[in-house]
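Values in this text are rule-based calculations from the coordinates and carry no lab data. Worth saying up front: this structure is predicted, and the values here are computed from it rather than measured. A quick note on method: Cβ atoms are made from the backbone with ideal geometry, for glycine too, and the neighbour counts reach across all protein chains shown.
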Ligand code: PEP
Ligand code: MG
């Protein structure tokens, strides 16, 4: 039966494919694809873990048998028997093998996937006693996962199958759709680190139950340039493994088990999207100059040094934001040291510089905390705390000067290989500025003392806290350029958690207060001859291109996937005609109502 689930659109386009459910488990589980030749070894890992757990349970059973009824009630012995039975159960073992052999999931992912399948069967049972066995099954699977920890293969997210082309979508979905079908990922929640892992894989689209439009999970999804919907609330409970799913990333709708008519309609939309992309690709080598001759820098936001290839491909003239924290995340799942050392970071920044082939690279120092935990565990687990207002970004760095100095030294060393701009996130206080600058000086002196080569950097601050936007004078005294982080500026100005889908309708980039802070920052920087750019999601949203141009912005940093669409807007704009309209928007109580008509008249 066809049904639809609604959420928030985060990345454009239509994806049609089979659902792959990533189930949240109490244990942090790595998800990756193995290579076909690794299937036997993976099944073996599972077998070894199962034998070890069986032995563990046997020992427990032996101990219980030696205890008196006061120490170990009968129920305990019976429970251990049930656990042994579940461990050997064919539905579990065969199902797990199925996901490994047919889908090339790593053993942990296969286990949690099969757990979900069987758990749903338990949920549907009428007998209460049997229904409650679900908890036992979860415990058995957790024992297995614990056993397997530390024996994971090196991550190998190799695509197991080709991506279905748009032309395939007309075909009968039930016929021959096995190994060649595209896959779409459905999850309750994915950490930014998980997303990074999936970035290297084959998914044609994403859906998560939670998250707002500018949550970091959504941002990484957007950087993958595949249709995605977040905040779809119950999607991961309603969709089953292998269901056919349409993700409409423009409307924020997920259609499950679509009828042939719906499928044909979305197949058409998908082809239209492909045509539009093809058309935009022709703008790749065209300089971004407005009708009245204003040159505009369209820069890329990246998460990893390897993303520079995609940035160059779409004609980015530099990197405006390298979110360096992604080098620090998800390392445990890859069996790496907790933090990257100076050499590893230096190599990463150097790769980014080399990747940009002489164009500038803006490296932002680590911004973890809030919805970007270092490890898989959410900081939000501490329900009484508000992580977005806590130890995040520069606050985190200043609280751990050794870690910060390591990063600064690595960046300064990479600056010997090309133009690097050093960007500091989330500053709000003059004392933070002073401490940061003195640590940068200290790092430089350390390198001199060690006789290590390093290069000059331009220093920039992010304006993403209202307090910073209201005290620009202090910032402009110390920094060469400012970069406006609208994602956080909106979050902190409107007091709306950017990752919380329940208040997503109030997260409004066109709120007059936000527009005023953005406009004043741009004006003040220009007045003082300092560089200014916008690197939040607003910079890549074509609905705001003309307004930002009208405010005087000439430097936009966004995901490479958005550069060509924004370039099209730039090429069609005449900034000399935007001043009066921009003022009207800034003076309005309802700026959003003015944005669309102005775009149409250009
Ligand atoms: C921002 O806040 O706009 C920004 C670019 O930083 P991040 O999204 O990484 O918080
Ligand atoms: Mg930010």
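Thinking of the stretch 294-598 as a set of Cα atoms, what percent of all their pairs are more than 29 Å apart?
34 percent
Can you list, largest first and rounded to whole Å, the semi-axes you get for the stretch 449-522 by taking the square root of 5 times each eigenvalue of its Cα gyration tensor?
Taking √(5λ) for each eigenvalue gives 31, 16, 9 Å, largest first.
Pulled fully out, how much extra length does the chain show between residue 437 and residue 85, if you take 0.36 nm times their separation in residues and subtract their Cα-Cα distance? Walk me through the numbers before you get to the answer.
Numbers: separation 352, 0.36 × 352 = 126.72 nm, distance 6.25 nm.
Taking residue 437 through residue 85 to full extension adds about 120.5 nm, to one decimal.
Sorting 526, 213 on the 10 Å Cβ count, fewest up front, what's the list?
526, 213
Mind giving me the nanometre distance, one decimal, between the label points for residue 526 and residue 285, set 7 Å out from Cα along Cα→Cβ?
3.2 nm
Sort 3, 33, 479 so the one with the fewest other Cβ atoms within 10 Å of its own Cβ comes first.
By the 10 Å Cβ count, ascending, the order reads 3, 33, 479.
Hey, quick one: spin label on residue 313, modelled 7 Å out along Cα-Cβ, who in the stretch 201-229 has an amide N within reach, i.e. under 14 Å?
Within reach of a label on residue 313, which here means backbone N under 14 Å from a point 7 Å along Cα→Cβ, the stretch 201-229 contributes 201-202, 223-226.
Starting from the exponent 0.38 and prefactor 2.2 Å, build the expected Rg for the stretch 464-602 from its residue count and divide its actual Cα Rg by it.
Details: Rg = 14.5 Å, N = 139, 2.2 N^0.38 = 14.3 Å.
Normalised by 2.2 N^0.38 Å, the Cα Rg of the stretch 464-602 equals 1.01.
Quick check on the stretch 303-368: take the gyration tensor over C-alpha atoms, sort the square-rooted eigenvalues as a ≥ b ≥ c, and tell me if it's rounded (a/c under 1.5), prolate or oblate.
Since a/c reaches 1.5 and a/b is larger than b/c, the shape of the stretch 303-368 is classed as prolate.
Would you please classify the overall shape of the stretch 36-148 from the alpha carbon gyration tensor, given that a ≥ b ≥ c denote the square roots of the eigenvalues, rounded means a/c under 1.5, and beyond that prolate means a/b larger than b/c while oblate covers the rest? Intermediate results must be reported in sequence, preceding the final value.
On the way: a/c = 3.33, a/b = 1.49, b/c = 2.23.
Cα axes put the stretch 36-148 in the oblate bin.
How much length would be gained if the chain were fully extended between residue 123 and residue 257, taking 0.36 nm per residue of separation minus their Cα-Cα distance, in nm to one decimal?
46.1 nm
At 222 nm, what helix-only mean residue ellipticity would the chain give, in deg cm²/dmol to the nearest 500, using -39500 (n - 2.57) for each DSSP H run of four or more?
So the helix-based figure for the chain works out to -14000 deg cm²/dmol.
With equal scatterers on the alpha carbons only and no solvent term, can you work out the Debye log10 of I(q)/I(0) for the stretch 256-305 at 0.29, 0.31, 0.33 1/Å?
-1.05, -1.08, -1.11
Would you please state the base-10 log of I(q)/I(0) at q = 0.09 1/Å for the stretch 313-465, with intensities from the Debye formula using one equal scatterer on every alpha carbon?
Log-scaled intensity ratios, in q order: -0.29.
Scattering from the C-alpha atoms of the chain alone, worked out with Debye: what is log10 I(q)/I(0) at q = 0.05, 0.08, 0.11 1/Å?
Results for the chain at q = 0.05, 0.08, 0.11 Å⁻¹ read -0.25, -0.62, -1.09.
In degrees between 0 and 90, to the nearest 10, how far off the longest principal axis of the chain does helix 401-414 point, with axes built from Cα atoms?
60 degrees
Taking the Cα atoms only, what angle lies between the long axis of helix 560-572 and the longest principal axis of the chain, rounded to 10 degrees?
So the helix axis and the longest Cα principal axis differ by about 30 degrees.
What translational diffusion coefficient, to the nearest whole µm²/s, does the stretch 400-534 have by Stokes-Einstein, given a Kirkwood radius computed over alpha-carbon pairs, a temperature of 10 °C and 1.306 mPa s viscosity?
Result for D is 99 µm²/s.
So between residue 542 and residue 347, what do we pick up on full extension, going 0.36 nm a residue minus the alpha carbon distance?
Extending this stretch completely gives an extra 66.7 nm.
For the stretch 202-331, what are the per-bin percents of Cα-Cα distances with bins 10 Å wide, up to the bin holding the maximum?
Pair shares across the bins are 10, 31, 33, 21, 5, 0.
I need 404, 475, 206 ordered by Cβ neighbour count within 10 Å, fewest first.
The fewest-first ordering by Cβ neighbours comes to 404, 475, 206.
Any chance you could give the angle, 0 to 90 degrees and rounded to 10, that helix 430-450 forms with the longest Cα principal axis of the chain?
Taking the Cα atoms of the chain, the angle to 430-450 is about 80 degrees.
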